[in-house]
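Reading through the structure tokens given below for one structure.
The values are calculated or read from the model by the stated rules, or taken from the named source; none is laboratory data. Values in this document were obtained by computation on a predicted structure and should not be read as measured data. Quick reminder, even Gly has a Cβ in these numbers, built from the backbone with ideal geometry, and neighbours come from all protein chains shown.
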Amino acid sequence: MAKTKDILSKVWLRRASEGILSRRLCGGRIAEQLPTEQPQISNRQVDMLVRNDQGQIHHVEFQATQEAGFAFRMLDYWVYFRREYGQPVHQRVFYIGRENLRLPPFFAEGGTTHQFEIVNLQDYAASDLLTSDDWGDNLWALGAQGDRPVVLQALLGKLNTLNRADQESALAELTAFSGILKLDEVLSQQLKEFPMLAIDLKENAVVRPLIEEGRQEGRQEGRQEGREAGRQELLLALLAEKFGALPQSTLDQVHRASAEQLDRWARRILRSTSLEDTLD
């Protein structure tokens, strides 16, 4: 998803954005884009790191999947940026996925606890975002509460009024986000109703790679989520067989667990004598 997220992270950075969601995620107007790479730690690159007009540093991570171990990754980023810039780093996750949000907004293990905020796009009304003068708000309306084909048509109407230079970047952003939401075929069909934008996405050199990337990611995401869901259900079945009916807190704990935790707990079942011993 790296290429897609790289495009989406620039939705606000290309413009002096003061949109609803830009200000919500960055704590104000973006004044400066900061380096996102962490060469001293790894080859990872965060999605967006900015200094706002109040001098605060904000790290924004775009997330479209229920990634195991995600909270630990946020802690890893925070430690590096806190050391690098010597000031508090405000972290927010911008959840833009199709499924209901299940990511925990914290990491807790032993005596270490780290919290961050999750801004769920699904909590916003598409109609409110479409009334904004900010293209970023308009774009994100596609993943907010509303009829997505109707929202998509409204977005194309807005995009149709832009000049050619802005259209190219906006169309790439719209295509990338449509791919995440599995609306690329709907987008391709609706584009035919707009003469200025009447292109075949499958033949367009700019957006075709994004569609193919999105489909490949979808296949990989489906396989990975399928494997993790299978491991979770197997573990829950084993726990129920040994300890009886499971409380909701245990179900939630298993569904939030990383692959490493699931493996560790599965091995413990053989020798543990209580549910608490297994999942500590």
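In table form, for the structure just shown:
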read-out: Qualifying residue in the stretch 127-148 (condition: more than 24 Å from Met74 (Cα to Cα) and among the aromatic types (Phe, Trp, Tyr)); value: yes
read-out: Extreme residue, surrounded by the fewest Cβ atoms within 10 Å (Cβ to Cβ), among residues of the stretch 136-162 that are at pLDDT 90 or above and assigned to a loop (DSSP other than H, G, I, E, B); value: Asp147
read-out: Residues (of a type in the set (S, T, N, Q) and over 28 Å from Leu155 (Cα atoms)) located in the stretch 73-131; value: Gln87, Gln91, Thr112, Thr113, Gln115
read-out: Subset of the stretch 176-201 that is β-branched (Val, Ile, Thr) and modelled with pLDDT of 85 or more - its residue that is farthest from Phe62 (Cα to Cα); value: Val186
